[in-house]
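Notes follow once the structure below has been shown.
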Number of protein chains: 2
Amino acid sequence: MNQVIDTMLSHRSIRKFTREAITPEQLDTILSAGISASSSSFLQTTSIIRVTDPEKRTVLAECAGGQQYVETAAEFLVFCIDYQRHFQLSPEVKPEFTELTLIGAIDAGIMAQNTLLAAESLGLGGVYIGGLRNNPKAVDELLGLPKYCAVMFGMCLGHPDQDPKIKPRLPKKVMVHQDGYQALSEEAIAEYDDETSHYYQTRGSNQKAGSWSDHISERLSKESRPFIRDYLNSKGLATK
Amino acid sequence: MNQVIDTMLSHRSIRKFTREAITPEQLDTILSAGISASSSSFLQTTSIIRVTDPEKRTVLAECAGGQQYVETAAEFLVFCIDYQRHFQLSPEVKPEFTELTLIGAIDAGIMAQNTLLAAESLGLGGVYIGGLRNNPKAVDELLGLPKYCAVMFGMCLGHPDQDPKIKPRLPKKVMVHQDGYQALSEEAIAEYDDETSHYYQTRGSNQKAGSWSDHISERLSKESRPFIRDYLNSKGLATK
């Protein structure tokens, strides 16, 4: 089709990297492309912390639940919601924070996806590290995040040292609705469960039994970071 | 550099479109590329509502505060956080919703950015419509969104009928920090304010006086959708 669409369609998360560095020129290009993304109301509410300090990388890998590639990736970027700069510029304003937190989360995703895709277009690979939200306060203190600035997720980038299969996504007939919400098709989910069961059983590593539905039941039955609300409140990004 | 990075670096939001349609093949490609994006814990928490009904488009344009291009764009997509399908598959689970709402917002941004960029790579243009959150309940009812499914933002796509200038972003030395949060440089902001003042005064339409700092003060002094928290709570995506 074209390079943009081909890059998207061939996306796989990469969690194993060679020791080869990303050059300063490559990183500069990746970050320039990342920050060119759209920004809600031109607020520009994202900060990226590039972490090169090996000791900090080790702590972040632990914070993320022992994801060792946080230490070994050529680059590790931490994406944050950041209204600190806005408050420095306009200390008098008292905005409403559920909405501003939502804007910050959406815009962090938008900027990060440009960043990841720019890296992939250069032959690099990467993975989002939502696991930083397992220990948001420890990450926050390690990186010295001020009030109104909160960690959202990390991103490993580097030269791929693995070639995983592409993970099959929910089909468009489930994800995309026409003119109004359409009820979930049990038939479509049954087909997708077959497809994902096959994927889980035949992928190159971490093979397992079970379908996407099984994965969802297992994943959502665990407690989902109940401390996140307190963390956001402590940063002034009040949701209470 | 390459097509991916060139497409990102030349991004401008497009709000004026020709009457030319997006072909079904183009739309299919754009959506396939969009849903190939990463998904937190493989939860796949996004639904896209494609709105073709002209009457619904008219209502949505009003909901967004009179953004007429919501009516006239070749395609209009509404991105939603969607845990309805997960609850149908696993009605017994009771997850914690500040975290899941955050995941949903971030992942909607990630998927939407793939979608927009795929369209731009085909010579199309578009713009995010966060204004749908001005009237979330009206949008929600119009599209028949069930519990655990909440509107986040819309996206216009079509053939550009304007050629706006690229809006200068905050410089990397402000957006990107090294190993820890770095205080805002007043000098960097002053330079950026000069740059944005020049941009606002010389852009092709909607010229105005003032800098980015002025824009921030003005924008954040307005009430920022204080009803969003109640809306999310009403959808079961509790933040209270």
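The values are calculated or read from the model by the stated rules, or taken from the named source; none is laboratory data. The structure presented is a predicted model; accordingly, all values stated were derived computationally and were not measured. Methodologically, a virtual Cβ is constructed for each residue, glycine included, from the backbone with ideal geometry; neighbour enumeration extends over all protein chains shown. The area values use the complete protein model at the heavy-atom level, side chains included, leaving out ligands, DNA and RNA. Shrake-Rupley method; radii C 1.70, N 1.55, O 1.52, S 1.80 Å.
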Any idea what angle helix B:186-202 forms with the longest principal axis of chain B, computed on alpha-carbon atoms, 0 to 90 degrees, nearest 10?
-> 90 degrees
Label-point separation, B:Glu96 to B:Lys165 (7 Å along Cα→Cβ), nm = 4.8 nm
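Can you give the charge dipole size of the stretch A:198-240 about its Cα centre, rounded to the nearest 20 debye, using +1 on the beta carbon of Lys and Arg and -1 on the beta carbon of Asp and Glu?
Working: 8 positive and 4 negative charges, 36 e Å.
Result for the stretch A:198-240 is approximately 180 debye, rounded to the nearest 20.
When the chain is fully extended, how far beyond the present Cα-Cα distance does B:Tyr199 get from B:Ala21, taking 0.36 nm per residue of separation?
Values: separation 178, 0.36 × 178 = 64.08 nm, distance 3.16 nm.
Residue separation times 0.36 nm, minus the Cα-Cα distance, leaves 60.9 nm.
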In whole percents, the bins of 10 Å from zero upward hold the Cα-Cα pairs of chain A as 7, 26, 34, 26, 7, 1
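I'd like the carbon and sulfur percentage of the solvent accessible area for the stretch A:172-216, probe radius 1.4 Å, heavy atoms only, ligands and nucleic acids excluded. Please report the intermediate quantities before stating the final value.
Values: 1080 of 2410 Å².
Roughly 45 percent, rounded to a whole number.
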In debye, nearest 20, what is the charge dipole magnitude of the stretch A:1-91 about its Cα centre with +1 on Lys and Arg Cβ and -1 on Asp and Glu Cβ, if you could check?
-> 180 debye
Kindly provide the pair-distance distribution of the protein assembly as shown built from C-alpha pairs, with 10 Å bins from 0 and whole-percent values in order of increasing distance.
-> 4, 21, 33, 29, 11, 1, 0
To the nearest 100 Å², how much accessible surface do chains B and A cover up together, summed over both, with a 1.4 Å probe?
-> 9700 Å²
Across the Cα atoms of the stretch A:172-216, what radius of gyration and what greatest pairwise Cα-Cα distance (Dmax) are found, in Å?
-> 12.8, 40
Excluding residues fewer than 8 places away in the same chain, name every one of the lysines whose C-alpha is closer than 29 Å to that of B:Lys56.
-> A:Lys172, A:Lys173, B:Lys16, B:Lys137, B:Lys147, B:Lys222, B:Lys235
Kindly give the distances from A:Lys173 to its copy-mates, label point to label point, with each label point 7 Å from Cα along Cα→Cβ, as nm values to one decimal ordered shortest first.
-> 5.6
Determine one quarter of the surface area of the Cα convex hull of the stretch A:114-167, which equals its mean projected area, and express it in nm² to one decimal.
-> 5.1 nm²
Rounded tilt (10° steps) of A:212-221 against the dominant C-alpha axis of chain A = 40 degrees
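For the stretch A:1-62, what is one quarter of the convex hull surface built on the Cα atoms, given in nm²?
Numbers: hull surface 27.0 nm².
Average of the hull's projected areas for the stretch A:1-62 equals 6.8 nm².
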Against the longest alpha carbon principal axis of chain B, how many degrees, from 0 to 90 and to the nearest 10, is the axis of helix B:54-63 turned?
-> 60 degrees
In whole angstrom, the spacing between the Cα centers of the stretch B:205-240 and the stretch A:13-80 equals 28 Å
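Can you give the charge dipole size of chain B about its Cα centre, rounded to the nearest 20 debye, using +1 on the beta carbon of Lys and Arg and -1 on the beta carbon of Asp and Glu? Display every interim value, and only then the final one.
Numbers: 25 positive and 30 negative charges, 84 e Å.
Result for chain B is approximately 400 debye, rounded to the nearest 20.
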Per the axis that maps chain A onto chain B, nearest residue of A (Cβ criterion) and its distance in Å | A:Gly109, 1
Note the distances from A:Ala209 to each other copy's matching label point, with points 7 Å along the Cα-to-beta-carbon direction, in nm, sorted shortest first.
-> 7.4
Using every alpha carbon pair in the stretch B:186-240, what percent of pairs falls into each 5 Å bin from 0 up to the bin containing the largest distance?
-> 4, 18, 16, 13, 11, 9, 9, 12, 8, 0
Rounded to the nearest 500 deg cm²/dmol, what is the calculated helix-only ellipticity per residue at 222 nm for chain A, with -39500 (n - 2.57) per DSSP H run of length n ≥ 4?
-> -13500 deg cm²/dmol
Quick one: label points 7 angstrom along Cα→Cβ at B:Asp53, distances to the other copies in nm, smallest first?
-> 5.6
Which residues of the stretch A:1-19 show a drop of at least 10 Å² in accessible area when all protein chains are present, compared with their chain alone (probe radius 1.4 Å, heavy atoms only, ligands and nucleic acids excluded)?
-> A:Met1, A:Asn2, A:Gln3, A:Val4, A:Ile5, A:Met8, A:Leu9, A:His11
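Over the stretch B:172-216, give the accessible area per residue in Å² for a 1.4 Å probe, as an integer. Please list the in-between numbers first.
Numbers: 2410 Å² over 45 residues.
Roughly 54 Å² per residue, with all protein chains present.
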Charge dipole of the stretch A:172-216 built from unit charges on the beta carbon (Lys, Arg +1; Asp, Glu -1), centred at mean Cα; most positive-end Cα among A:His215, A:Ala190, A:His177 is A:His215
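Taking a cut-off of 23 Å, what percent of all Cα-Cα pairs in the stretch A:44-181 are separated by more than that? Don't skip to the answer; put the middle values down first.
Details: 4112 of 9453 pairs.
The answer is 43 percent, as a whole percent.
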Calculate the spin-label point distance for A:Asp6 paired with B:Met1, positioning each point 7 Å from the Cα along the beta-carbon direction, and give it in nanometres.
-> 1.9 nm
Residue-normalised value, i.e. accessible area per residue, for the stretch B:10-126 at 1.4 Å probe, in Å², stands at 31 Å²
